[in-house]
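**Q** Sharing a structure with you now.
The values are calculated or read from the model by the stated rules, or taken from the named source; none is laboratory data. Remember, it's a predicted structure, so these values are computed and weren't measured experimentally. So basically every Cβ, Gly included, is an ideal-geometry build from the backbone, and we count neighbours across all protein chains shown. These area figures cover heavy atoms from the full protein model, side chains too; ligands, DNA and RNA do not enter into them. Shrake-Rupley method; radii C 1.70, N 1.55, O 1.52, S 1.80 Å.
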Amino acid sequence: MPEGIILKALSGFYYVHTQEGTLLTCRARGKFRHRQEKPLVGDRVSCTDLGDGTGALDAILPRRNAFQRPAVANIDALVVIASGATPVTDPFLIDRVVSIAESKGCESIICLNKCDLSAAEDLYAIYQGAGFLTLRVSAETGEGIEDLRRAIAGRVCAFTGNSGVGKSSILNALEPAFGLQTGEVSEKLGRGRHTTRHVELFRLSNGAVVADTPGFSSFDTELNDLRRPEELAGTFREFRPYLNQCRFQGCSHVKEKGCAVLAALKEGKIAPSRHASYVRLYEQAKEVPEWERREKESGR
């Protein structure tokens, strides 16, 4: 029974690249529907080869992690594409998806595209200072592309970012043979046209497997669905050294006296935009009723 990885899921078909190097177009067996178990792109699966290029999914192997929006699994690193040029990326958008990645045990790589147009000094300082691998690249000129290629070599990665920052263009620069569709940024709206319609994994010659995903909007509800307010601070890595140093137990790190996180913020050890994002996410998480969160966690 061959094993492999799901490279694409589309219209009920799962395209599985097997360890033997073949590509099988598979349907999931009925037991998945009965168990309400949904295979995801990136899942490692066992399947039955039916001998004509088709197959049947038999089982999903244990996952390292799973994201529902976008629907991918077993991601080693989330490559967050941002830009200091049109469209300029709001740090909150980066912080939201990085928080989700941190909660899943998934590394985040901050990739600042269009460095030929803007060095994005503010964004670079924020995320390098917070301890993230932060790269400046240009899909247009090729600057920094080799650094990104080395950073993802041999790993399973998902690429995301606000629409128009050049996710597909960067993938094309990494592996020109892909020829992924790209869209010009609307000068009037300052945003892209959502050229990526589904999640698909692509194999690079350096051994990396990468996913070009829809934009940040696909992450809109996952944080509210899964994160409790008291768990949120742990997903901001530069907060962690201070979390047990607050004067009061159960400190929310929003405005309390004796808060070590706020002291670090005042001392310049935490970027103001990062703390502002935390407060915004904290307030959003508080709005989710506990009964609703429990229902979602139980899969009902």
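**Q** For the stretch 29-72, what are the residues that are of a type in the set (A, V, I, L, M, F, W, C) and open to solvent by 40 Å² or more (accessible area, probe 1.4 Å)?
**A** 50, 61 - these are the residues of the stretch 29-72 that are of a type in the set (A, V, I, L, M, F, W, C) and open to solvent by 40 Å² or more (accessible area, probe 1.4 Å).
**Q** Specify which of the listed residues (275, 253) is over 15 Å from residue 230 (Cβ atoms) and either assigned to a loop (DSSP other than H, G, I, E, B) or not hydroxyl-bearing (Ser, Thr, Tyr) (or both).
**A** Of the residues listed, the single one that is over 15 Å from residue 230 (Cβ atoms) and either assigned to a loop (DSSP other than H, G, I, E, B) or not hydroxyl-bearing (Ser, Thr, Tyr) (or both) is 275.
**Q** Among what's in the stretch 6-22 and is of a type in the set (Val, Ile, Thr), without any contact (Cβ under 8 Å) to a residue 60 or more places away in the chain and assigned to a strand (DSSP E or B), pick the residue that is surrounded by the fewest Cβ atoms within 10 Å (Cβ to Cβ).
**A** 18
**Q** Can you tell me how many residues in the stretch 155-193 are within 28 Å of residue 64 (Cβ to Cβ), part of a loop (DSSP other than H, G, I, E, B) and either among the polar types (S, T, N, Q) or at pLDDT below 65 (or both)?
**A** Adding up the residues that qualify gives 3.
**Q** Do you know which residues across the stretch 108-144 are closer than 24 Å to residue 204 by Cα, within 19 Å of the chain's Cα centre (by Cα) and surrounded by fewer than 18 Cβ atoms within 10 Å (Cβ to Cβ)?
**A** 133
Listed here are the residues, each with its yes/no results for (1) of a type in the set (S, T, N, Q); (2) free of Cβ contacts under 8 Å to residues at least 40 places away in the same chain; (3) surrounded by 15 or more Cβ atoms within 10 Å (Cβ to Cβ).
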position: 248; (1), (2), (3): no, yes, no
position: 259; (1), (2), (3): no, yes, yes
position: 268; (1), (2), (3): no, yes, no
position: 287; (1), (2), (3): no, no, no
